[in-house]
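**Student:** Okay, handing you the structure first.
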Amino acid sequence: MILVDETPPSDRMLTTKDNPWSPFTDYEAWHSWDVGHGYHTASLLARVCVTSLDLSDSIINQSIDDAIDAIVTLNASGMHVVAIRPKDDRGEG
């Protein structure tokens, strides 16, 4: 497993460094911009992530997190980064 940071998986998403939209707060605008600029980040993540309906949610979440780490570490496009959910958007006091 490649660990880029210790942020919980539900607070991390794959994005590109030039996308002005937050995948946490405005996913539709983020996705539209991403696809419109030819990145197809969600599709890339789906291709790299190993998952199955037979796996538990925790294993699927770990697989998604591992795939995000792998994409960011290899970063063939030079554009992919990890977006961290803003602390005030996590429901923390």
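**Student:** Only one of 57, 26 is surrounded by fewer than 16 Cβ atoms within 10 Å (Cβ to Cβ), without any contact (Cβ under 8 Å) to a residue 60 or more places away in the chain, closer than 14 Å to residue 10 by Cβ and acidic (Asp, Glu); which?
**Tutor:** Working: 26 fails: closer than 14 Å to residue 10 by Cβ.
Result: 57 is the single residue among 57, 26 that is surrounded by fewer than 16 Cβ atoms within 10 Å (Cβ to Cβ), without any contact (Cβ under 8 Å) to a residue 60 or more places away in the chain, closer than 14 Å to residue 10 by Cβ and acidic (Asp, Glu).
**Student:** Inside segment 6-21, can you point out the residues that are of a type outside the set (A, V, I, L, M) and either more than 14 Å from residue 81 (Cβ to Cβ) or at pLDDT 95 or above (or both)? Steps first, please.
**Tutor:** Start the filter on segment 6-21 by keeping residues that are of a type outside the set (A, V, I, L, M), which leaves 6-12, 15-21.
Correct list: 6, 8, 9, 10, 11, 15, 16, 17, 18, 19, 20, 21.
**Student:** Looking at the structure I just gave you, is residue 69 assigned to a helix (DSSP H, G or I) and modelled with pLDDT under 90?
**Tutor:** Numbers: assigned to a helix (DSSP H, G or I): yes; modelled with pLDDT under 90: no.
Considered against the rule, which asks whether it is assigned to a helix (DSSP H, G or I) and modelled with pLDDT under 90, residue 69 comes out as no.
**Student:** When the residues of segment 72-85 are filtered to those that are at pLDDT 90 or above and of a type in the set (A, V, I, L, M, F, W, C), which remaining residue is surrounded by the most Cβ atoms within 10 Å (Cβ to Cβ)? Before you say what the answer is, go through the steps one by one.
**Tutor:** Here is the first cut: in segment 72-85, the residues at pLDDT 90 or above are 72-75, 78-84.
Checking the rest, the ones that are also of a type in the set (A, V, I, L, M, F, W, C) come to 72, 74, 79, 81-84.
Values: 72: 17, 74: 11, 79: 14, 81: 17, 82: 17, 83: 19, 84: 15.
Going through the qualifying residues, I end up with 83.
**Student:** Oh, and also: Within segment 11-36, track down each residue that is of a type in the set (Ser, Thr, Tyr), assigned to a loop (DSSP other than H, G, I, E, B) and either touching a Phe, Trp or Tyr at 6+ places or on another chain (Cβ under 7 Å) or closer than 23 Å to residue 74 by Cα (or both). Please lay out each step first, then the result.
**Tutor:** Step one: filter segment 11-36 for residues of a type in the set (Ser, Thr, Tyr), giving 15-16, 22, 25, 27, 32.
Among the residues that remain, those that are also assigned to a loop (DSSP other than H, G, I, E, B) are: 22, 25.
22, the sole residue that qualifies.
**Student:** Of the numbered conditions (1) at pLDDT 95 or above; (2) farther than 15 Å from residue 83 by Cα; (3) part of a helix (DSSP H, G or I), residue 39 satisfies every one except a single condition; which is it?
**Tutor:** That leaves (3) as the condition not met.
**Student:** Let me ask something else about it. Which condition number does residue 31 fail, the rest of (1) in contact with a strand residue (DSSP E or B) (Cβ under 9 Å, 6 or more places away or on another chain); (2) at pLDDT 95 or above being met?
**Tutor:** Here residue 31 meets the rest and fails (1).
The values are calculated or read from the model by the stated rules, or taken from the named source; none is laboratory data. Keep in mind it's a predicted model, so treat the numbers as computed, not measured. All Cβ positions, glycine included, derive from the backbone under ideal geometry; neighbour counts span all protein chains shown.
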